[in-house]
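First up is the structure itself, then whatever we jot down about it.
Just so you know, all these numbers are worked out from the coordinates, no wet-lab data involved. These numbers come from a predicted model, not from an experiment. We place every Cβ from the backbone using ideal geometry, glycine too, and count neighbours over all the protein chains shown.
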Amino acid sequence: MSTTTDPIESAAAVDQSAVPIVRVIVPERSLASELRAIKIVWRRELIRFRADRLRMVTTLIQPLLFLFVLGSGLQQLSAASTHGVNLKTFIYPGILCISVMFTAMFSAASIVWDREFGFLREMMVAPIRRSSIVIGKCLGGAMVASFQGVIVICLAGFVGVPYAPLMILGIFFLQLLLAFAITAFGVMVAVRIKQMQSFMGVMQMIVMPMFFISGALFPVANLPGWLAALNRIDPLTYAVDPMRNLVFNHLSISPLARAVLDPGVTWFGWRVPPLLEAGMILLLGVVMLGVAIWEFSTTE
């Protein structure tokens, strides 16, 4: 019994045998590849921020409203209690913090955004550790928020705060720590949330009470017991207080005004040093970064 071979099938078989097999080689993980991945994710956050000019403007509106509208509107009412210090000068350190907080929060929200549009899946299947993605996100968000905070630093002269180089460097350093901690917190929350509306609702529910309880808009001395307790456990308190201490160190005000407006945060009568407060913010950011890495590594 004879068999016939289709000429087309024979030609296809010959062509297939002639085509070389291309093997996909996945490079081994190394410290250099992980650092490169962190750099790429970090750089992506900066590029997105630079391209989104509307975001730059909108995230500045609320801090400027607090600083100039609220500060100017309540100045006459509070002139006696501030002992001659402009209210805008007093709340300026708190505004420096809130300007960083909102930008850092929006940077963390990009995790949810990337998940909705499928880009996060592409990053997760890349031959890198998932921790590199989280670290890149946090560093990029911290840098973006700090750049936004520089704009508010430039407004110091408009509220009676001098442009002292050491003060400005100290403020920028504290803003960078706060931005890192808030971004790490946002990423930690965003890992478990799949919709942008839910994420923004959760962050607003947490961030705004933190801001109002922190003492950004009022002195932390002689508070009611319940408010004093909340103030001491509020992490943002330990960013506002050293920043206010730094600003007041460069102001010419009376000792009475300094004692009333900048009493410092105390634990059972002991004033917490500003360096310890900055260390607490850094430690909190590192802990939340670790939690975010762990959550991200166990997420499908």
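If the chain linking Ser30 and Ala259 were pulled fully straight, counting 0.36 nm for each residue of separation and taking away their Cα-Cα distance, it would gain 77.0 nm. Between Arg192 and Arg232, the distance separating the two model label sites (each 7 Å from Cα on the Cα→Cβ line) works out to 2.8 nm. Other residues whose C-beta falls under 13 angstrom from the C-beta of Val187 contribute a net charge of +1, scoring Lys and Arg +1 and Asp and Glu -1. Remark: spin-label model distance Ala221-Gln204 equals 3.7 nm, labels positioned 7 Å along the Cα→Cβ axis.
Ordering Phe106, Phe268, Phe180 by the number of other Cβ atoms within 10 Å of each residue's own Cβ, fewest first, gives Phe268, Phe106, Phe180. Computed on region 131-213, the Cα convex hull volume stands at 114 Å³ per residue.
Near Ser110: Cβ cut-off under 10 Å, other residues only, Lys/Arg at +1 and Asp/Glu at -1. The net charge is +2. For region 29-297, the alpha carbon convex hull comes to 135 Å³ per residue, rounded to a whole number.
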